[in-house]
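Student: The structure that follows is given in the form of structure tokens.
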Amino acid sequence: MPDSTVTVRLAHADDDDFILGLVPRFAEFELPAWRKRNEILAGTRRDIEHHLRTLPPASHLFVADDANGERAGFLHLLTRKDYFTGAQNCHIGNIAVAAAHERKGVAAALLRHAETWAKQHRCRHLTLSVFPENGHARVVYENHGFGVELLSMAKLVK
């Protein structure tokens, strides 16, 4: 049963280690054959560190706390222009839940926060990217109304 006492707040400097500690969650599933786990983790860490360090104006980091005030997950939102219309969209750059807090409503709380934030900032769409093999995450996103819009395809050039 989901925990309805999850709160989402802006991330603070003392959340950096917690956020970076969740980076391994981004490769805990079968990756495409041409992707290396260490490269996925290094690239994700590098991107999150950049946002934590430079605080770009279109980048917004949030942390979910459980009823005891324990950090349970984080959300990274980015605003960007829609390629087709030029309208402002909100993109979920990263979302992760600590393993100990899985299936307790943390992801749902973070996704609800993202949608509320996007509405408040007059975004037309809320978007995200997910590896096809990350079946658990895809089910969560689909249950929250996300659908496939574009498929990104890749080919290893040898």
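The values are calculated or read from the model by the stated rules, or taken from the named source; none is laboratory data. Being a predicted model, the structure only gives us computed values, none of them experimental. So basically every Cβ, Gly included, is an ideal-geometry build from the backbone, and we count neighbours across all protein chains shown. We work out accessible area using only protein heavy atoms, side chains counted, and drop any ligands, DNA or RNA first. Shrake-Rupley method; radii C 1.70, N 1.55, O 1.52, S 1.80 Å.
Student: Binning at 5 Å from 0, report for the chain what percent of all alpha-carbon pair distances ends up in each bin.
Tutor: Calculated over all Cα pairs of the chain, the distribution is 1, 8, 17, 21, 22, 18, 9, 3, 1, 0, 0 percent.
Student: Hey, another quick one. Using the per-residue mean of other Cβ atoms lying within 10 Å as a proxy for protection, in what order, highest first, do the peptides 141-150, 51-60 fall?
Tutor: Packing order, densest peptide first, comes out as 51-60, 141-150.
Student: Using a 1.4 Å probe, what is the accessible area per residue for the chain, in Å²?
Tutor: Computed with neighbouring chains in place, this is 64 Å² per residue.
Student: Inverting the mean 1/r over all pairs of different Cα atoms, compute the Kirkwood radius of the range 91-158 and quote it in Å.
Tutor: Result for the range 91-158, one decimal place: 13.5 Å.
Student: Next question, about the same structure. For the range 21-79, report the translational diffusion coefficient in µm²/s to the nearest whole number, using Stokes-Einstein at 10 °C, 1.306 mPa s, and a Kirkwood Rh over Cα pairs.
Tutor: 121 µm²/s
Student: Which chymotrypsin sites (Phe, Trp or Tyr not before Pro) does the range 31-105 hold that lie in a coil by DSSP with at most 12 other beta carbons within 10 Å?
Tutor: Here the chymotrypsin sites (Phe, Trp or Tyr not before Pro) that fit, given the DSSP loop and packing criteria, are Trp34, Tyr83, Phe84.
Student: Also, I was wondering about something else. Taking 0.36 nm per residue of separation and subtracting the Cα-Cα distance, what length does fully extending Ala67 through Arg35 add?
Tutor: 7.8 nm
Student: Describe numerically, in nm with one decimal, the distance between label points set 7 Å from Cα along Cα→Cβ at Arg122 and at Glu28.
Tutor: 3.9 nm
Student: At a Förster distance of 22 Å, what's the computed FRET efficiency of Ala99 paired with His12, Cβ-Cβ distance as r, to 0.05?
Tutor: 0.45
Student: Sticking with this structure for a sec: How much of the accessible area of the chain, in percent, comes from carbon and sulfur atoms when a 1.4 Å probe is used?
Tutor: 53 percent
Student: For the range 45-104, what D do you get in µm² per second when you plug the Kirkwood radius from alpha-carbon pairs into Stokes-Einstein at 25 °C and 0.890 mPa s?
Tutor: Once the numbers are plugged in, D ends up at 188 µm²/s.
Student: Add +1 for every Lys or Arg and -1 for every Asp or Glu among the other residues with Cβ under 14 Å from the Cβ of Gln88, and state the total.
Tutor: Summing Lys/Arg as +1 and Asp/Glu as -1 gives +4.
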